[in-house]
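K.L.:
Sending over a structure as structure tokens; questions will come in a sec.
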Amino acid sequence: KQIDKIKTGDKIYINYREKGYVYEIFKSDIILATEDYKLMENQSKDELALYTCWPPNQIKYRYVVYGKPVS
């Protein structure tokens, strides 16, 4: 899927060092590129943030989807 098509409740599957992780999307947001520090605010949590330039081929904004680990 394209990142802007990912919806709340969708699952993201990641394989890292031969281990599988599943995250459930709980939020999406559009932020200014200069506000990318916001992506690091919850480092103490095991949350996932995927982002890209927004709109495509532009650099002013970032489209972000956030996920929480699924037990």
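K.L.:
Rounding to the nearest 20 debye, state how big the charge dipole of the chain is about its Cα centre with +1 on each Lys and Arg Cβ and -1 on each Asp and Glu Cβ.
P.N.:
Working: 12 positive and 10 negative charges, 36 e Å.
So the dipole magnitude of the chain works out to roughly 180 debye.
K.L.:
Taking only Cα atoms and a 10 Å spring cutoff, compute GNM fluctuations for the chain and point out the largest among 27, 38, 11.
P.N.:
Result: 38 has the largest fluctuation of those listed.
K.L.:
Could you pull out the GluC sites (Glu not before Pro) across the chain that fall in loop regions by DSSP (anything but H, G, I, E, B) with no more than 16 other Cβ atoms inside 10 Å? Intermediate values should be presented prior to the final figure.
P.N.:
On the way: sites: 18, 24, 35, 41, 47; in loops: 18, 41, 47.
Those that pass, being in a loop and sparsely packed, are 18, 41, 47.
K.L.:
Could you name the aspartates and glutamates in cross-link range of residue 45, using Cα to Cα under 16 Å and dropping any fewer than eight places away on the same chain?
P.N.:
Within the straight-line cut-off, residue 45 pairs with 24.
K.L.:
Separate question: Using a 1.4 angstrom probe, figure out how much accessible area the stretch 24-71 has per residue, in square angstrom, rounded to the nearest whole.
P.N.:
On the way: 3460 Å² over 48 residues.
So the stretch 24-71 comes to 72 Å² accessible per residue, rounded to a whole number.
K.L.:
Which percent of the accessible area of the chain is formed by carbon and sulfur heavy atoms (probe 1.4 angstrom)? Intermediate results must be reported in sequence, preceding the final value.
P.N.:
Values: 2680 of 5570 Å².
Its accessible area is 48 percent carbon and sulfur atoms.
K.L.:
Using only Cα atoms, locate the centre of the stretch 6-37 and the centre of the stretch 57-71, then give the distance between them in Å, rounded to an integer.
P.N.:
Cα centres, the stretch 6-37 to the stretch 57-71: 6 Å.
The values are calculated or read from the model by the stated rules, or taken from the named source; none is laboratory data. Nothing here was measured: the structure is a model prediction, and the numbers come from that model. Counting neighbours? That spans all protein chains shown, and the Cβs are built from the backbone with ideal geometry, glycine included. Each accessible area value is taken on the protein alone, full model and side chains, heavy atoms only, with ligands, DNA and RNA left out. Shrake-Rupley method; radii C 1.70, N 1.55, O 1.52, S 1.80 Å.
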